[in-house]
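S.K.: Would you mind keeping the following structure in view while I ask a few things?
Values in this text are rule-based calculations from the coordinates and carry no lab data. Everything numeric here is computed off the predicted structure, so don't read it as measured data. Positions of Cβ are backbone-derived with ideal geometry, glycine not excepted, and every protein chain shown enters the neighbour counts.
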Amino acid sequence: MSELTSTTALRATMDAYYRSLADAALRKTAPVAWCTSVGPAELLRALGFAVHFPENHAAIMGAARTANRYLPLAHAQGYSQDICSYLTSDIGAYLAGESPLEAYGLERAPAPDVLVFNTNQCRDVRDWFEWYGRELGVPVLGLHSPRAIDDVTESDIDAVTMQLEALVAPLEQVAGTRLDDARLRAAMRASRDTAGLWGACLETASARPAPLTFFDGSVHMGPAVVLRGSDDAPAYYRTLLAELEQRVENRVGAVPAETLRLYWDGMPVWGRLRALSTMFAEFRTAVVASTYCNSWAFSGLDPAEPWRSVARALLELFIARSEAPKERYIARMVEFYDVDGVIFHDCRTCSNNSNTRYGMPGRITERLGIPTLVLDGDVNDLRCFSDEQARTNIEGFVEQLTDARAATSARGSR
Ligand code: SF4
């Protein structure tokens, strides 16, 4: 398993982003807005905010395996062990007076001037931001988006468009500037290009062997999440895409001797990303695609129609949809990436991004004739993840898929 050489450019891109955030917070070079990961980032950038994403902050703690240190501090405030462990690790770190961005001179997450959420993904983000709003006395604004949507309708888009437009005046007041149309269009162009290039990077994994896995994607998606609306993100994805295309041309796989291919639905287990990546590689199995990484490959962003196209993109997100469109989406992914099976991560503290609890794995197996595995775990709380159990379950699943493949080829050679 060789690391992508673009990782150096990724580190430089993320480093520059965190430095600019620290400059904004410490040297007041720009007002600071916090935004949920699928919130209205383009609008915030166009207004000149430095944008901090608490979910990214929490994911860094998850990946560094420091999150569990902070969880009890938030639990002690009455925030349940059963709710989002991103929320509880982030608030816990604040209460501990610590931040993984300490290397950038930030003792805590950069102090916000405004907090902007979007409930398209879950209610937890609102509760999360409202905690900080009370704690810091900072305005909390939000989009109250419908959830469990079947087909996105024009009236859904109207409702979110009106809410987006209503954010402008209070945000202008905090930013101390008027929204400039040219800046909004530029932010939209950057986001559209980022989404397209990121989507193209992910689609290279339809090749055999796949040049990147879900585990690589979970790391390389950083700029697509935190740099929406900035030209730094497309610049990075041009570099990554060129490397991936070269890998495809040279038939270089992310997993040596790739044999089986899987799709991953649900959140990553940040504290076990590398361990799982190594384990799957050991089984010559490439997890080639995921709902999670695909979620930032927004389609339809249009600089000529910023409000409605953003509203549509935020409504069309997988996480905001009902079971039927989610199942249709997974069916398309299974076909496009030509996978042998699907892993559903049942993320203990995120019911919003766990598609295991209302029968979907069984329906996918029945509908597509493809095996599925439900893997218990969590995005940040490692008490919910057992290495032994995960290995046993994954090993058994790989054996099942290998046997199924052998039986198919035996039938084919008769
Ligand atoms: S979608 Fe899940 S992991 Fe993300 S913020 Fe909401 S509850 Fe937390």
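S.K.: With the cut-off at 40 Å, report for the chain the share of all Cα pairs above it, as a whole percent.
M.R.: Within the chain, distances greater than 40 Å cover 13 percent of Cα pairs.
S.K.: What is the distance in Å between the Cα centres of segment 246-318 and segment 126-180?
M.R.: 28 Å
S.K.: In whole Hz, what ³J(HN,Hα) sequence does segment 110-115 give by Karplus (6.51, -1.76, 1.60; θ = phi - 60°), x for Gly and Pro?
M.R.: 3J(HN,Hα) across segment 110-115, in whole Hz: x, 4, x, 9, 7, 10.
S.K.: Here's another thing I want to ask about it. Ranked highest first by the average count of other Cβ atoms within 10 Å around their residues, in what order do 400-409, 225-234 fall?
M.R.: 225-234, 400-409
S.K.: Give me, ordered by chain and number, the residues 5 or more places off residue 374 or on other chains with an amide H under 5 Å from its own placed amide H.
M.R.: Under 5 Å from the amide H of residue 374 lie the amide H atoms of 344, each far enough along the sequence or on another chain.
S.K.: Going 7 Å from the Cα of residue 107 along its beta-carbon direction, which residues of segment 16-49 have the amide nitrogen within less than 16 Å of the resulting point?
M.R.: Under cut-off, by backbone N: 25-27.
S.K.: Compute the convex hull volume of the Cα atoms of segment 314-414, divide it by the residue count, and report the result per residue in Å³ as a whole number.
M.R.: In segment 314-414, the Cα convex hull volume per residue is 110 Å³.
S.K.: With 10 angstrom as the radius, rank 13, 36, 5 by how many other C-beta atoms surround their C-beta, starting from the fewest.
M.R.: The order, fewest Cβ neighbours first, is 5, 13, 36.
S.K.: Right, here's the next one. Given points 7 Å out from each Cα along the Cα-Cβ axis, report the residue 82 to residue 136 separation in nanometres with one decimal.
M.R.: Here the answer is 3.0 nm between the modelled labels.
S.K.: Let me ask something else about it. Pull out the extension gain between residue 123 and residue 365, defined as 0.36 nm times the separation in residues minus the alpha carbon to alpha carbon distance; nm, one decimal.
M.R.: Between residue 123 and residue 365, full extension yields 84.1 nm more.
S.K.: Between 99, 402, 73, whose Cα lies farthest towards the positive end of the dipole of the chain when Lys and Arg beta carbons carry +1 and Asp and Glu beta carbons carry -1, centred on the Cα centre?
M.R.: Most positive-ward Cα: 402.
S.K.: With r defined as the distance between the Cβ atoms of residue 404 and residue 3 and R0 fixed at 35 Å, what FRET efficiency is calculated, to the nearest 0.05?
M.R.: E between residue 404 and residue 3, to the nearest 0.05, is 0.65.
S.K.: Report the label-to-label distance for residue 65 and residue 246 in nanometres (one decimal), using points 7 Å from each Cα along the Cα→Cβ vector.
M.R.: Spacing of the two 7 Å Cα→Cβ label points: 3.3 nm.
S.K.: Binning at 5 angstrom from zero up to the longest distance, how are the C-alpha pair distances of segment 39-88 distributed in percent?
M.R.: 5, 19, 22, 17, 13, 12, 10, 3
S.K.: Here is a further query. Can you pull the one-decimal nm distance between simple spin-label points at residue 336 and residue 257, each 7 Å off the Cα toward Cβ?
M.R.: Each label point is offset 7 Å from its Cα along the Cβ direction, giving 3.1 nm.
S.K.: Looking only at 288, 138, 116, which one moves most when the chain is put into a Gaussian network model with springs between Cα atoms under 10 Å?
M.R.: 138
S.K.: OK, next. Report the charge-dipole magnitude of segment 7-412 in Debye, nearest 20, computed about the Cα centre from +1 at each Lys and Arg Cβ and -1 at each Asp and Glu Cβ.
M.R.: Using only the charged Cβ atoms, the result is roughly 360 debye.
S.K.: Can you tell me the length gained on complete extension of the stretch residue 383 to residue 26, counting 0.36 nm per residue apart and subtracting the Cα distance?
M.R.: So the chain would gain 125.0 nm between residue 383 and residue 26.
S.K.: Residues with beta-carbon under 12 Å from that of residue 30, excluding residue 30: net charge, scoring Lys, Arg +1 and Asp, Glu -1?
M.R.: Within the 12 Å Cβ shell, the charges total +1.
S.K.: Neighbour counts of other C-beta atoms within 10 Å: give me 239, 177, 153 arranged from fewest to most.
M.R.: Neighbour counts put them in this order, fewest first: 153, 177, 239.
S.K.: At 222 nm, what value in deg cm²/dmol follows for the chain if DSSP H runs of at least 4 each add -39500 (n - 2.57) and the sum is divided by all its residues, to the nearest 500?
M.R.: -17000 deg cm²/dmol
S.K.: Which value results when the Cα radius of gyration for segment 244-321 is divided by 2.2 N^0.38 Å?
M.R.: Normalised Cα radius of gyration, segment 244-321: 1.45.
S.K.: Still on this model: Quick one: 373, 136, 260, fewest Cβ neighbours within 10 Å first, how do they rank?
M.R.: Ascending Cβ contact count within 10 Å gives the list 136, 373, 260.
S.K.: Related question: What cysteines in the chain have no other cysteine with a beta carbon less than 4.7 Å from their beta carbon?
M.R.: Cysteines of the chain left without a disulfide-compatible partner: 35, 84, 122, 201, 293, 384.
S.K.: With a cap of 10 neighbouring Cβ atoms within 10 Å, and only residues DSSP puts in a loop, list the GluC sites (Glu not before Pro) found in segment 320-414.
M.R.: none
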